[in-house]
Amino acid sequence: MHTLVDRSLIVVGTDGSTTALGAVRWAAGEAAARQVPLRIVHVAPPHDPDPMFGAPDPERDFGGDVLLDASAAALETARDCVIAPQYRRGDVRSVLRREASDSGLLVLGSVGRDRLGSLLLGWTATELAVTAPCSVVFVTSHPDVTAPTASVVSRVRPVLAVLGGAEDTWGEWDMIVAAAVREARLRCTTVLLASSADPHGGRTGPDLSERIAQWHEEGPDVRIDSVSRRRNLPEFALSLSHAARLVVVGPPEHDRVHPLGTMGRTVHTLLHSSGRPVMIVRNSPIGEPRSAADASPSSLSAGHTD
């Protein structure tokens with residue numbers, strides 16, 4: 001199974017909106033569970049410095065208030081969370097990419113069906129989903145998006161790992177499952193794999209059951225189940241996501257479709273309609289080719305596992 005880069009920081013962006021505060025609370029729970037610091041970033045529009053020394057700066061005052069509110073929300077969720085508020089100026093996409101360059105996870109408020117969160121609009125969300133230097137989680141304002149917990153409810157709601165993409169490879173699926181297992185372990189729950197692969201050997205080549213058995217051997221403390229549907233993976237994943245704690249998917253640029261451009265079909269459907277946090281996993285630089293060897297392991301076979 002792929003070993004994910006485990007950087008010692010989580011970054012969350014906020015603009016003061018309700019959706020962004022929901023993302024801050026979710027990120028604080030993640031930071032506390034992982035025992036890593038949380039960097040809360042507010043990005044103000046760029047402008048030339050005021051030539052008058054001591055002149056009022058409403059944007060900085062607003063940004064300070066936003067960061068105070070976000071810090072309070074984070075501490076309400078996780079009192080032991082170590083917080084580092086950061087006020088920045090510039091293009092929000094460029095700044096957040098730069099701030100996330102040394103992190104293991106970037107967390108952002110997401111868009112919903114027929115609604116646009118004020119943090120991310122249009123191509124901003126799409127670009128960060130594709131170009132962020134680390135894994136990204138988009139969090140909706142749904143009430144059930146707070147800290148990972150070992151409650152009875154979390155045990156019966158799995159982490160959903162969606163194994164899709166236009167060019168499926170075992171290497172990418174290893175990466176997705178590794179992330180899903182880690183997230184399930186944090187939440188004391190199980191992993192449910194959703195794919196469009198033929199359980200008896202389909203377009204991905206080898207069967208699936210032995211690969212699942214291998215994943216389970218590498219994380220024996222986390223139960224892994226699998227379901228598949230030959231067609232319409234986005235809608236299938238969406239139907240399963242409503243009962244999931246978290247949804248884990250691969251890089252959206254591997255699942256392109258016109259006219260969505262670089263936003264993949266599955267990612268686009270989940271971000272706009274599921275109401276659950278969606279984690280887009282990547283552990284290699286943007287544009288780095290996936291190994292051809294990952295696509296054809298020599299000793300795999302198919303089926304489901306408990």
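The values are calculated or read from the model by the stated rules, or taken from the named source; none is laboratory data. Note that the structure is a prediction, hence the values are computed from the model and not measured. Heads up, the Cβs are rebuilt from the backbone with ideal geometry, glycines too, and the neighbour counts pull from every protein chain shown.
Details
- Neighbours by Cβ (under 6 Å, 6+ apart or cross-chain): first from region 264-281, over 17 Å from residue 108 (Cβ atoms); second buried (at least 24 other Cβ atoms within 10 Å of the Cβ) and polar (S, T, N, Q): none
- Flag for residue 96 being within 30 Å of residue 269 (Cα to Cα), modelled with pLDDT under 95 and part of a helix (DSSP H, G or I): yes
- Filtering 125, 70, 84 for residues that are part of a helix (DSSP H, G or I) and at pLDDT 85 or above leaves a single hit, 70.
- Residues of region 20-30 include none that is outside the structural domain of residue 181 (by TED's automatic domain parsing), modelled with pLDDT of 90 or more and more than 20 Å from the chain's Cα centre (by Cα).
- Output for region 128-145, where each listed residue is modelled with pLDDT under 80 and surrounded by fewer than 20 Cβ atoms within 10 Å (Cβ to Cβ): 141, 142, 143, 144
- Residue match in region 35-45 (condition: assigned by TED's automatic domain parsing to the domain that holds residue 132, without any contact (Cβ under 8 Å) to a residue 60 or more places away in the chain and on the phi > 0 side of the Ramachandran plot): yes
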